[in-house]
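These notes concern the structure reproduced below.
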Amino acid sequence: MNLGVQYYRAPFPEEKYWEDDLARIKDSGLNTVQFWVLWAWVESKPGEFRFEDYDRLVELADKNGLGVILSTIAEIQPYWIHREVPGSEMIDHTGQKVISSNRGECHFGLTPGGCTDHPGVWERMQAFLREVATRYRTAGNLRGWDAWNELRWNVQADGLVCFCEHTLRAFRDWLKAKYGSLEELNRVWKRRYGSFEEILPGKLPDRPYTEMMAFEHFITWRANQHGKDRYDLIKSLDPDRPVTVHAASPSPLTGGWGHDHAINRGNDWFYADDLDGVGCSSFPKWSGMDDADFGMRVEYVQSASQGKLVWLSEVQGGRAAIGFQVYMPVDAISQQRYTWNGIACGADTILFWCWRDEVFGRESAGFGLSGDDGLAEERLAAMSITGGLIQEHSDLLKSYRPAKPQVGVFFSPQTYYLSWAQEGNAGRSMGALQGYCRSLVRSSIPYVVVEEEHLDVLSDLKILFMPRNLVTDEQTENALARFVEGGGTLVCESECGAFSSQGLYRYPADRFTARLSGIRELGRRSLDADSIRVSIDGQVFDLGVTQWLTPWQTGAGNVLSQGEEGALVTEVPVGSGNIVLCGAYLGDAYLQNYTRDFEIFVETLVRRSGWAPEIQVVSPEPTKDSFVYVKSGESMGKKIVFVFFPADHNQVHLRFRSDFFSGDRAKDLISGEEITVSSTIPGQECLLNAPDWRFSVLVSE
Ligand SMILES: [Zn+2]
């Protein structure tokens, strides 16, 4: 495992610190350092590459027994780019040339710089990447490459991009490849275009969906393609080391805003198809994440990775600083909790951002693992314990895989595009997905996020939730039908599949849910209350709702919630499976206003689909701000169970499936304590007391 820290964003920290810092990094239990290799800095004059600082740092790292990860920052471009490649500026949605400038948190280089769809820009960028890869592939301590930091390409464009002639040509080529011919595009889009050149990309939200959704989809694809191009180049020169890229946030959390289209930095699932793995950044104290929020982030990446590498490419080192704001300091125990939460979710590389406090611009005085928020000593002391444990148990942790989920939550980029096309962000869709995932995390039910074009995973699942899934196309619908007919349970929210991926609305009777169930929704109705009452097998739940209701016809299946005009939740058998039809939005309502009822409702549906828990928290019961967070998996034939104690409880009672542990003992890898596992009628049980760090990593003996 790589446990490391970002060190150098040229030209900081200055050289006078390097020797002592790298020795101290090694002493604090970390085994890896990361350096940003900036295009603008390295090739400040065209064709002249200067690496003396990186050479020295790689050598110093080696001297201290540290591995190196190189982060190739080709998106911070040289100041000469537009001079050497005339006409390479991005063009914004108003037709203006984008004026590039220094990046807010980077000392030297242009952003966004030239458009990579311009062949001259890409040629120059390739030359830089080739120089870097060729120079450092022979370094014995090089551990791998992060080929694209936070997938940034349009930062500070100050408008929607890109509408340059090269990007528009690529857009139209993409449409040609997708539809084959103009006739086919016109047939599917129901248009009468006379040529591909007449097709304009969507400009702003709240206008026709079709062109906007197509353009957003293209923008995602284009980012994926650029990531793959960087990967292919580096990999062709250094085939044996891992090459990944990382997002600022996992794709399901990139709903877009302002000048960012939804999922405009590429789709993690497609990166994982092509690359060695994917990663994400996480700054939990800055953004106020709890165990569930942090775990969900990593699980989104882990779902996308499809078994490839998962990197936590930036985890908060010390207190955040943005401008003159003061944020929460980072205490050692919280930081270790994130670290082990990441390991529990399957991360194999964890890099903290960053070693020293930043000295440049808006981020100055912030983020240092060894920085001045008053807690550096305790952080480094704790890190050295984790570093020791990771070294001691390296084989066990390397082979660890999280438990295979039987529960899925559907992620539909097309729905995000549609939502953005209407509202300029996909916040509602994001909230819905997060609501279901959060509820599952808090109930210790392993789940996988299922991306709409990666449906093979359905064959492992018993139940699939489709939060606010407005868009489906025929291929998805066929896969979902097979899933249900083969015995799966499909849970749909209001207007599931109401639009095609061309953004065209379908009448209720024309939707796949109506074809599968034989009943249809009656149309949108105003909410007259903020909750609905649902009964399942005598259990009654009051569930929050948002936006509108779409009652369902009754007459088929089993009504679980009766509204004035029709069923608000109904369950219809289809083939060997079931479809649960909700005429409401429940997931984002739960995210906004916590109810325990929603969590029990979700767990009840999961259990009715045939899933049974391997591990249950018998006590304490979850409350709004407190829950026992449990993750588990296997390694080298052993069970590993991660148990994170809530702040307000010092004892946790767990029940396991009867043959979960092979013996009657487990060991807490963190505290070294032996734990007794007793066999009872319902299963195996243990009582755990909170150790100093307030989490345990149990390994079966
Ligand atoms: Zn362009």
Worksheet item: For region 371-404, which residues satisfy the criterion of being within 28 Å of the chain's Cα centre (by Cα), open to solvent by 30 Å² or more (accessible area, probe 1.4 Å) and without any contact (Cβ under 8 Å) to a residue 60 or more places away in the chain?
Response: LYS404
Fill in: Number of the exception - ASP348 against (1) in contact with a Gly (Cβ under 9 Å, 6 or more places away or on another chain); (2) modelled with pLDDT of 95 or more; (3) not β-branched (Val, Ile, Thr)
(2)
Worksheet item: Is at least one residue of region 30-53 surrounded by fewer than 20 Cβ atoms within 10 Å (Cβ to Cβ) and part of a helix (DSSP H, G or I)?
Response: yes
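If you scan region 174-211, which residues turn out to be aliphatic (A, V, I, L, M) and over 11 Å from GLN502 (Cβ atoms)? Spell out how you get there, then give the answer.
Our first condition is that a residue be aliphatic (A, V, I, L, M); within region 174-211, this holds for 175, 177, 182, 185, 188, 199-200, 204.
Residues satisfying the conditions are LEU175, ALA177, LEU182, ILE199, LEU200, LEU204.
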Worksheet, complete the sentence: In region 85-108, residues that are without any contact (Cβ under 8 Å) to a residue 60 or more places away in the chain, within 29 Å of the chain's Cα centre (by Cα) and either farther than 25 Å from PRO119 by Cβ or open to solvent by 50 Å² or more (accessible area, probe 1.4 Å) (or both) total 1
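Do you know which residues across region 545-554 are without any contact (Cβ under 8 Å) to a residue 40 or more places away in the chain, more than 22 Å from ARG608 (Cβ to Cβ) and open to solvent by 60 Å² or more (accessible area, probe 1.4 Å)?
Step one: of region 545-554, the residues without any contact (Cβ under 8 Å) to a residue 40 or more places away in the chain are 551-554.
Filter once more, keeping what is more than 22 Å from ARG608 (Cβ to Cβ): 551, 553.
Residue satisfying the conditions is GLN553 alone.
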Worksheet item: ARG230 passes all but one of (1) over 20 Å from MET125 (Cβ atoms); (2) more than 16 Å from the ligand (Cβ to nearest atom); (3) basic (Lys, Arg); which number fails?
Response: (1)
Item to complete: Can you tell me which residue within region 266-314, out of those that are within 12 Å of the chain's Cα centre (by Cα) and charged (D, E, K, R), is farthest from SER439 (Cα to Cα)?
Response: ASP268
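Could we say that ALA589 is surrounded by 24 or more Cβ atoms within 10 Å (Cβ to Cβ), small (Gly, Ala, Ser) and under 16 Å from ARG533 (Cβ atoms) here?
It is false that ALA589 is surrounded by 24 or more Cβ atoms within 10 Å (Cβ to Cβ), small (Gly, Ala, Ser) and under 16 Å from ARG533 (Cβ atoms).
For region 1-14, how many residues meet the condition of being over 19 Å from TYR136 (Cβ atoms) and open to solvent by 10 Å² or more (accessible area, probe 1.4 Å)? Give the derivation first.
The initial filter retains those residues of region 1-14 that are over 19 Å from TYR136 (Cβ atoms), namely 1, 3, 12-14.
Retained after the next criterion (residues that are open to solvent by 10 Å² or more (accessible area, probe 1.4 Å)): 1, 12-14.
So the count comes out to 4.
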Discussion item. Checking ILE519 against (1) part of a strand (DSSP E or B); (2) buried (at least 19 other Cβ atoms within 10 Å of the Cβ): exactly one of these is not met. Which one?
Written reply: (1)
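Just need a number here: residues in region 664-701 that are assigned to a loop (DSSP other than H, G, I, E, B) and among the aliphatic types (A, V, I, L, M). It would help to see each step written out before you state the result.
Kept after step one, since they are assigned to a loop (DSSP other than H, G, I, E, B), are these residues of region 664-701: 664, 669-673, 677, 680-683, 690-694, 701.
When the remaining residues are screened for being among the aliphatic types (A, V, I, L, M), the result is 669-670, 677, 681, 690.
Result for region 664-701: 5.
From the residues in region 174-204 that are polar (S, T, N, Q) and loosely packed, with under 11 Cβ neighbours inside 10 Å, which one is farthest from ARG222 (Cα to Cα)? Full working, then the answer.
Step one: list which residues in region 174-204 are polar (S, T, N, Q), which gives 181, 186, 195.
Filter once more, keeping what is loosely packed, with under 11 Cβ neighbours inside 10 Å: 181, 195.
Working: SER181: 20, SER195: 22 Å.
So, considering only residues that are polar (S, T, N, Q) and loosely packed, with under 11 Cβ neighbours inside 10 Å, the one farthest from ARG222 (Cα to Cα) is SER195.
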Worksheet, complete the sentence: Taking region 495-515 and keeping only residues that are over 28 Å from the mean Cα position of the chain (by Cα) and either of a type in the set (Asp, Glu) or open to solvent by less than 30 Å² (accessible area, probe 1.4 Å) (or both), one is left with PRO508, ASP510, ARG511, PHE512, THR513, ALA514
Worksheet, complete the sentence: Of the conditions (1) touching a Ser or Thr at 6+ places or on another chain (Cβ under 7 Å); (2) under 17 Å from ALA432 (Cα atoms), the single one that LEU560 does not satisfy is (2)
Discussion item. When you check GLY65 against the structure, is it closer than 22 Å to GLY159 by Cβ and either open to solvent by 10 Å² or more (accessible area, probe 1.4 Å) or within 13 Å of the ligand (Cβ to nearest atom) (or both), yes or no?
Written reply: no
Worksheet item: Can you spot a residue in region 476-487 that is free of Cβ contacts under 8 Å to residues at least 24 places away in the same chain and not charged (D, E, K, R)?
Response: yes
Discussion item. Please determine whether any residue of region 465-479 is open to solvent by less than 30 Å² (accessible area, probe 1.4 Å), closer than 26 Å to GLY566 by Cα and small (Gly, Ala, Ser).
Written reply: no
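The values are calculated or read from the model by the stated rules, or taken from the named source; none is laboratory data. Computed from a predicted structure; not experimentally measured. Cβ: placed from backbone, ideal geometry, glycine included. Neighbour counts: every protein chain shown. With ligands, DNA and RNA removed, areas are computed over all heavy atoms of the protein, side chains included. Shrake-Rupley method; radii C 1.70, N 1.55, O 1.52, S 1.80 Å.
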